[in-house]
Every structure is written in structure tokens, then in C-alpha cells.
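This report refers to the structure that appears directly beneath it.
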Amino acid sequence: MRPLTQTSYDTEGVRRVARTLLRHIRPETRHEAFAILDGRIGVYAVDRTVIAAEIDYYFNESEPLAA
């Protein structure tokens, strides 16, 4: 399997999946949330900023990312 190019990653899709996983799994800590998301969808994120932003939003530490 060839690796995806940077333009092949769907940031919006990563956001939606991250938000859904957090809602259903309900991690208790930020560390647990990051471990779960990084393990399941980290390969689809160009960088971990999107994952970190969704974790912040889940724990009510910031506003949601602009759509």
C-alpha cells in the first residue's frame, strides 16, 4: 500500500471522526483521549493539531474549529 500524499488527507473527516469517537468512548482524561485518537485515526492526520483541538473542545477548553 502506497502512503497517501499530504493533499489526500481529509482534515474535515478527521475532525468528524475524532468528535464521534470522543462522544462514544467518553475518555476521562486528556491523555487517554489523545492515546485513543492517535491510535485510531492518527495516521489520517497530517499533524496532531486537529486531534488536539477536538480534545480541547471535548473537554470544553476552547471553541469548536470553524467549519
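The values are calculated or read from the model by the stated rules, or taken from the named source; none is laboratory data. What you see is a predicted model; the values in this text were computed from it and never measured. Methodologically, a virtual Cβ is constructed for each residue, glycine included, from the backbone with ideal geometry; neighbour enumeration extends over all protein chains shown. All accessible areas refer to the heavy atoms of the entire protein, side chains included, with ligands and DNA or RNA removed. Shrake-Rupley method; radii C 1.70, N 1.55, O 1.52, S 1.80 Å.
For the criterion of being modelled with pLDDT under 95 and touching a Phe, Trp or Tyr at 6+ places or on another chain (Cβ under 6 Å), Val46 passes.
Each residue in segment 31-43 was checked for being open to solvent by 70 Å² or more (accessible area, probe 1.4 Å) and either modelled with pLDDT of 95 or more or in contact with a Cys (Cβ under 9 Å, 6 or more places away or on another chain) (or both), and 3 of them qualify.
Within segment 23-39, residues that are over 14 Å from Tyr57 (Cα atoms) have Cβ atoms under 6 Å from residues that are open to solvent by less than 70 Å² (accessible area, probe 1.4 Å) and outside any helix (DSSP H, G or I) in these pairs: Ile36/Pro27, counting only partners at least 6 apart in sequence or on another chain. For segment 14-24, a residue qualifies if it is open to solvent by 60 Å² or more (accessible area, probe 1.4 Å) and aliphatic (A, V, I, L, M), and exactly one does: Val17.
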